[in-house]
Amino acid sequence: MAKTAADFFRELGGPQEPAYRAEPWYNPNGDSIHYHWRPDEFYAERIDDKLTVYRSMATDDAVGCQIKGVGALLKQLGDFGISVDQADGAPLAMFLFVSQASARDWQKDIAEREKTYRYLLERAGRQRVELTMPAGA
Amino acid sequence: MPTGAAHYPLPALDPLTGRTKTVRLMAELADRILRYGPRQRYFEVAGDRADETTGSPVQQVLREPVAVFCGIREHQHGGTCYTGCPSCAYTNGGSKVPPWPGKVFCVYVNPRDHLFEWRWEPADPDEPGVPLGHQDRFKERIWPRQPQTSSAS
């Protein structure tokens, strides 16, 4: 058993260079997609219960995003007959559209929220993410 | 993924008992953090070489949270958010710096006690140590425990 968290990471082979890949990835522990297109030090701004934007500590620019509740979003897509090839990857735009349509608990006013989603669609919508869903999701 | 331990145990406050429980950083997630970064995420769990077991923001907030909230997401019943004010922050280069002003550190744990997200968020200006909008985001604050109100008359 690794003695420290740093030892644990070392056993996994890291940290290594480059320590950053500007690609979206699926987090099965959180059932969410994370995407940092810029490696700034960041903080998180919650937009609604499906979307969080990562912003630069230095400039407040949007530098990434988290799409939450991916299993539920896939189910909603499935209800409309839209299936996702999990091995081949799915475009983030698909998740952004359905999360905007189904999200609740908005933290932003409607115009600002709309602007955020539109920006993310343009910035990240074409990126594809491979999904490895946990059993039963 | 390299072989090794399947998880790393992190001591955490059990908000239901006030004792200590174990939250797991799963190898699968740690591997993704190493691959995708940003590096800040790694240092926020691992800390620095001089203080590897106590110094990281994740470990500090799990052990001594200002607050713990449950009901973090509609589809993750039982998940919790630990929030607090760690003594330090980290840059992507691994430099230990003072905590970011106006921010609070949040650590998210799923219903299986697996760590799944950690990050700085805007703090509630009226209540240091908890995130802005906490009243609407979470189902309930479960730490500190609220005193039981007596119904006896």
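Among the conditions (1) over 22 Å from A:Asn29 (Cα atoms); (2) more than 8 Å from chain A (Cβ to nearest Cβ); (3) out of contact with any helix residue (DSSP H, G or I) (no Cβ under 9 Å at 6 or more places or on another chain), B:Lys103 misses just one, which is (2). Being within 11 Å of the chain's Cα centre (by Cα), under 20 Å from A:Tyr54 (Cβ atoms) and free of Cβ contacts under 8 Å to residues at least 40 places away in the same chain is a property that holds for B:Trp120.
From the list A:Tyr54, A:Tyr117, A:Tyr43, A:Tyr35, which residue is touching a helix residue (DSSP H, G or I) at 6+ places or on another chain (Cβ under 9 Å), within 14 Å of another protein chain (Cβ to nearest Cβ) and of a type in the set (Ser, Thr, Tyr)? None of the other options fit; the residue is A:Tyr35.
In region B:56-77, the qualifying residues are those that are more than 10 Å from chain A (Cβ to nearest Cβ) and in a loop (DSSP other than H, G, I, E, B), and the one that is modelled with the lowest pLDDT is B:His77.
One residue stands out in region A:57-78 among those that are more than 10 Å from chain B (Cβ to nearest Cβ) and modelled with pLDDT under 95: the one that is nearest to A:Ser102 (Cα to Cα), namely A:Gln76. The one condition from (1) touching an Asp or Glu at 6+ places or on another chain (Cβ under 8 Å); (2) within 7 Å of chain B (Cβ to nearest Cβ); (3) crowded, with 20+ Cβ neighbours inside 10 Å that A:Thr4 does not meet is (3).
Screening B:Ala12 with (1) crowded, with 20+ Cβ neighbours inside 10 Å; (2) within 11 Å of another protein chain (Cβ to nearest Cβ); (3) over 30 Å from A:Ala103 (Cα atoms); (4) out of contact with any Gly (no Cβ under 8 Å at 6 or more places or on another chain) gives one miss only, at (2).
The values are calculated or read from the model by the stated rules, or taken from the named source; none is laboratory data. Source: prediction; values computed, not measured. Here the Cβ is made from the backbone with ideal geometry for all residues, glycine too, and neighbour counts use every protein chain on show.
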